[in-house]
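A quick write-up on the structure given underneath.
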Amino acid sequence: MMPFIPNSVRCLAIAAACFYMSGAYADCVDTVGLNAAERDFYNRANGALESFLPPAPAEENLWSADGMTNPENINVCKGDKKPGDFTVEVQRKYVWPDLKKHFADTVVTLTFSINARSFDKTLGDNSGAYGSPSPTRSADLKVHNVTWNVSTTSIVISAATYGVQAQQDSLRASIAAAVNLERLQGLVGRPLPAVAESEATAKKLPPTQLVTPARAAPAPAPASAPAAPAPTDTAKEAIDAVQKLRGLFGR
């Protein structure tokens with residue numbers, strides 16, 4: 001895995017955003033952003049999702065970085081404006097540098113979203129979705145669904161090549177185990193808490209414990225062959241008789 005370089009990534013992201021914005025708005029006579037109600041919903045949703053982001057495990061050199069969109073930067077061409085046409089998404093990247101300096105840093109990303117248009121068809125142990133898909137996303141400014149996903153950065157050289165597969169599996173399992181799924185599901189269909197309330201909740205999150213992923217139980221050892229049964233008294237008598245006969249005939 002290539003080393004995770006925050007400054008370079010940030011610069012590329014800014015450059016890409018500028019390119020996208022220049023192309024997207026080139027033909028716009030005027031642009032419009034979120035109205036007051038949309039901005040309030042977006043900020044509440046952002047804050048609520050941030051309150052689920054577990055801190056990085058307390059391991060040497062392991063750190064995290066957040067990514068989210070500022071609602072003030074959501075602008076569209078005035079003629080294309082649709083009420084609540086946005087999905088709120090937050091991310092936290094957990095970066096565990098390779099201590100052997102092989103440039104195989106482990107990067108695990110936790111993503112939460114509110115009001116996705118559709119759900120991933122490959123939901124598994126490290127992802128989930130609650131509620132129902134929302135084709136109009138946040139049009140009525142209500143929480144229709146919440147999704148979560150823990151993923152690892154796709155790389156050309158496998159983590160196993162540099163001996164960090166176990167580290168990667170452990171970090172991914174630890175982050176997934178730290179997500180409060182019951183509380184997350186409770187956001188669906190209910191009013192979002194105030195931003196200050198979500199911030200207070202975030203400060204109460206317990207430390208993230210590093211766990212070892214469950215491994216398949218080893219196959220049971222094959223049973224040893226049963227011991228031959230001890231001869232019965234009748235068998236012993238027959239053997240003794242044969243020996244006596246051999247003695248009589250000089251054998």
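Since every read-out is calculated from the coordinates, none of them should be taken as a lab result. On a predicted model such as this, the values are computed, not experimentally measured, just so you know. Quick reminder, even Gly has a Cβ in these numbers, built from the backbone with ideal geometry, and neighbours come from all protein chains shown.
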>> Can you return the aspartates and glutamates within cross-link range of Lys82? Criterion is Cα-Cα under 19 Å, with same-chain partners fewer than 8 residues away left out.
In response: Asp27, Asp30, Glu38, Asp40, Glu72, Asp140
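Taking a threshold of 28 Å on the Cα-Cα distance, which of the pairs Lys78/Lys142; Lys93/Lys121; Lys142/Lys204; Lys121/Lys203; Lys100/Lys204 fall above it? Walk me through the numbers before you get to the answer.
On the way: Lys78/Lys142 23 Å; Lys93/Lys121 23 Å; Lys142/Lys204 26 Å; Lys121/Lys203 33 Å; Lys100/Lys204 34 Å.
Over 28 Å apart, Cα to Cα: Lys121/Lys203; Lys100/Lys204.
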>> Can you list residues from other chains, or at least 5 along the same chain, whose modelled amide H is less than 5 Å from the amide H of Val211?
In response: Ser174
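Could you compute the FRET efficiency for Ile74 and Gln209, with r as their C-beta to C-beta distance and R0 at 30 Å, rounded to 0.05? Spell out each step's value before the answer.
On the way: r = 37 Å, r/R0 = 1.22.
The calculated FRET efficiency here is 0.25.
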> Setting aside same-chain residues fewer than 8 positions from Lys101, which aspartates and glutamates have a Cα under 20 Å from its Cα?
Replying inline: Glu59, Glu60, Asp169
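Can you tell me the length gained on complete extension of the stretch Cys28 to Glu59, counting 0.36 nm per residue apart and subtracting the Cα distance? It would help to have the intermediate numbers written out before the result.
Numbers: separation 31, 0.36 × 31 = 11.16 nm, distance 4.91 nm.
Full extension from Cys28 to Glu59 adds 6.2 nm.
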